[in-house]
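We did not get these values from a lab; they are worked out from the coordinates using the rules stated. These numbers were taken from a predicted model, which means no experiment stands behind them. For neighbour counting, all protein chains shown are included, and Cβ atoms are generated from backbone atoms with ideal geometry for every residue, glycine included.
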Amino acid sequence: MTKAFPVLPALALLAAARLFAGSYKVETIDSPPPGVPAAYAGVLGPKGYRVAGPEGAWVEIWFRASIPKSARPDDAIVFPIAQGTLLGVLRFPGRGYDRRGQTIQAGLYTLRYSDYPVDGSHQGVAPQRDFALLTPIAADPDPAALPDYQALVTMSTKASGTSHPAVYSLEQPAAGAAFPSVTAEGDSDQVLYVKIGDLSLGMIVIGKVQ
């Protein structure tokens, strides 16, 4: 996560701007992800969540039934989750975008936890260090794996198609948040709030970091 973010074509940025400006809602999915490998089907929760907006379904996420907890290494990290832990499976029905505005092709991806390093390249990118990285599920066959930071970054570049991984910001849900729900935050962000066992989690599913 240390290399410069490539400049997106103007048309892609315009499309992303239109997308982020819409109004969104969350729907419950009562079926498993289409084409999910058997190894993953056994660890996912019984329901998924579809975030839909003015142009229809945007993203679908099935979180695992429970997320193992670990010690937090410092106060800038919100969630007690170990590096590389599987959070769930994400599906883009059509072309998607990550937190940096990178294009993500339609398909099924694993969603794994990571905290970004304390270095000059990441100064001020978010108030917390908690992120989720995407990897094409075909390139991530073992849900129990715990890839270290560099290994996960390398895996995730297969989702972004660039030198930077495909990333999503995680945050502590706001006080009084409903679960599940999608809530507007700031000028363009849409945050999915979910409860996974006793863990409350917010994930910015729409919005490009400025």
* Structure fact -> Expressed as a whole-number percentage, the relative contact order of region 10-206 with C-alpha contacts under 8 angstrom and at least six residues apart is 18
* Asked: What's the local net charge at G84, with K and R +1, D and E -1, over the other residues with C-beta under 10 Å away?
  -> 0
* **Summed side-chain charge close to P33 - residues other than P33 whose Cβ falls under 13 Å, Lys, Arg +1, Asp, Glu -1** => +2
* **Size of charge dipole - region 10-206 - debye, nearest 20, with Cβ of Lys, Arg +1 and Asp, Glu -1, no other charges** => 380
* Above 31 angstrom, tally the Cα pairs of region 10-206 and express them as a % of all pairs, no decimals. => 10
* What does the charge add up to near Q128, with Lys and Arg as +1, Asp and Glu as -1, over the other residues with Cβ less than 12 Å from its Cβ? -> -3
* Asked: Cross-link list K25/K208; K158/K195; K25/K69: which exceed 27 angstrom alpha carbon to alpha carbon?
  -> K158/K195; K25/K69
* Cut-off under 5 Å, modelled amide H: who pairs with L108 long-range -> I137
* Structure fact -> Long-range amide H partners of W58, meaning residues 5 or more apart or on another chain whose placed amide H is closer than 5 Å, are V51, A52, G53
